[in-house]
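Can you read through this structure? Questions will come right after.
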Amino acid sequence: MNPGHADLGHPSLGHVICGNAPQDRAPQDRAPQDRAPQDRAPQDRVPQERAPHDNAPHEDAPHEDAPHQTARHTNPLSPDPGVTAPPPSSSSPLPPSPPLRFGYGTNGLADLRLDDALSLLADLGYDGLGLTLDHMHLDPFAPDLATRTRRVAHRLDTLGLDVTVETGARYVLDPRRKHGPSLLDPDPDDRARRVGLLLRAVQIAGDLGAHAVHCFSGTVPPGTDTDTAWQRLADSLTPVLDTAATAGIPLAIEPEPGHLLATLADFHRLRRTLGDPASLGLTLDIGHCQCLEPLPPADCVRAAAPWLRHVQIEDMRRAVHEHLPFGAGEIDFPPVLAALAATGYRGLMVVELPRHSHAGPHYAELSLPFLRRAETTARGTHRAAPRPPSSLAPTAQPAARQRPPFRAALPSRPSPAVNPPVARPGEPSATPEGSAP
């Protein structure tokens, strides 16, 4: 990214092929499904994109004009027609199990050199990261990609960080089209460019020892009917799934609001269309569950467990696709983490706050203690006393409304690992460029 970090830095724009055998990161056998507390069922409303408030940036949904992708299934969580939803769970604490493993997405640390981002996350105590392949963080088109990938792999090993490779960079393929081209584009050459990126991502993941490669479908292009779009998606993913199977690394597709594949029901449609390949897995975004699925996020976790290969996590409100810091949305996190622990999932849960990258170190510092506290609550071993309103939230909460202990965030106190201290949101160094404090 700069001369002082040439090994992990940013070269010219470019995705390539590297060649070490992938490390065996297969998930462990699932633990017995001890039932976890059920969180609050969301109201069934069609999600709308939210305008920013108080100069707080909102998450980008690639296309806001795709309402047809939401609230259109009576039972989206069923893997096959007629399967009923999971039963309500009990509130008993979880039996002892390994700690959950948390990471932070590099798309939320876009202003840091990759080496600095890795050091920060290791110092803060994260278990790993979601590495978005982009021009500033391991450019997949760089001419020296193989060398850079080996250096990143060595750095990850040195710091003890695990990794998932993510492919959601906004302009890595086209400087004029955000997230374009997609797997659904009418032009077969454009679709082939996206397929090429995913093939490179699988090979990079093998060299890094990643436990999964993340992807998404894309939005339906204007003038394309949904049947045609589904066929393009299946055809485009077939060579990627074959490569992933050979590499032993699952391709974990993410249901994304506004995309063709927007819900868990859509994931099952793709899975059946492709013949249920073993290399196809699921990226479950907990915020998206709150946004548009008909069941609470914890029930989404239990329903998705057999296919779960990667998890993204942040706060969110019902029907609003806006990735929020913990404490700023509506999600009840202890039941979600209890459900994840009960499935035996041992991959990373990666905090995804790409629109908060301007204050990435601040949110990275506060997010992990929040999640660990929620995990402790989920295990029934500790009930924290109420804390002040969340300093993660971009707007102050009404004085009469107090959040439960697991919804509040720790006060912003710089850790010794972060030097200089991280500015709070609203201070000049923690506001988006061009906006007022």
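The values are calculated or read from the model by the stated rules, or taken from the named source; none is laboratory data. Model, not experiment: these values are computed from the prediction. For neighbour counting, all protein chains shown are included, and Cβ atoms are generated from backbone atoms with ideal geometry for every residue, glycine included. In case anyone asks, the SASA skips ligands and DNA or RNA and just uses the protein heavy atoms, side chains included. Shrake-Rupley method; radii C 1.70, N 1.55, O 1.52, S 1.80 Å.
Take segment 171-227 and flag every residue that is in contact with a His (Cβ under 7 Å, 6 or more places away or on another chain), at pLDDT 95 or above and closer than 25 Å to VAL311 by Cβ.
Selection gives LEU197, ARG200, ALA212, HIS214, PHE216, SER217, GLY218, THR219.
Right, here's the next one. Considering segment 259-279 alone, what residues qualify as being open to solvent by 10 Å² or more (accessible area, probe 1.4 Å) and either within 19 Å of MET316 (Cβ to Cβ) or among the hydrophobic types (A, V, I, L, M, F, W, C) (or both)?
Matches in segment 259-279: ALA265, LEU274, ALA278.
Would you tally the residues in segment 217-235 being closer than 15 Å to ALA192 by Cα and open to solvent by 10 Å² or more (accessible area, probe 1.4 Å)?
So the answer is 3.
Being charged (D, E, K, R), assigned to a loop (DSSP other than H, G, I, E, B) and either over 25 Å from ASP111 (Cα atoms) or open to solvent by less than 10 Å² (accessible area, probe 1.4 Å) (or both): is that true of GLU375 here?
no
A quick yes/no check of all residues on (1) part of a helix (DSSP H, G or I); (2) under 27 Å from CYS291 (Cα atoms):
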{"site": "GLN203", "(1), (2)": "yes, no"}
{"site": "HIS214", "(1), (2)": "no, yes"}
{"site": "GLY218", "(1), (2)": "no, yes"}
{"site": "PRO221", "(1), (2)": "no, yes"}
{"site": "PRO239", "(1), (2)": "yes, no"}
{"site": "ILE249", "(1), (2)": "no, no"}
{"site": "LEU261", "(1), (2)": "no, yes"}
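Specify which of the listed residues (ARG150, ARG113, ARG155) is basic (Lys, Arg), open to solvent by 10 Å² or more (accessible area, probe 1.4 Å), in contact with a strand residue (DSSP E or B) (Cβ under 9 Å, 6 or more places away or on another chain) and at pLDDT 95 or above.
ARG113
Which count do you get for residues in segment 308-337 that are charged (D, E, K, R), more than 15 Å from the chain's Cα centre (by Cα) and part of a strand (DSSP E or B)?
1
Which residue, of GLY287, GLY360, is touching an Asp or Glu at 6+ places or on another chain (Cβ under 7 Å) and more than 19 Å from LEU264 (Cβ to Cβ)?
Just one listed residue meets the conditions, GLY360.
Does segment 293-307 hold any residues that are open to solvent by 10 Å² or more (accessible area, probe 1.4 Å), over 13 Å from VAL336 (Cα atoms) and under 19 Å from the mean Cα position of the chain (by Cα), and which are they?
PRO306, TRP307
May I ask you to list the residues in segment 360-382 that are among the hydrophobic types (A, V, I, L, M, F, W, C) and within 25 Å of VAL165 (Cβ to Cβ)?
If the condition is that a residue be among the hydrophobic types (A, V, I, L, M, F, W, C) and within 25 Å of VAL165 (Cβ to Cβ), then ALA364, LEU368, LEU371 are the ones that fit.
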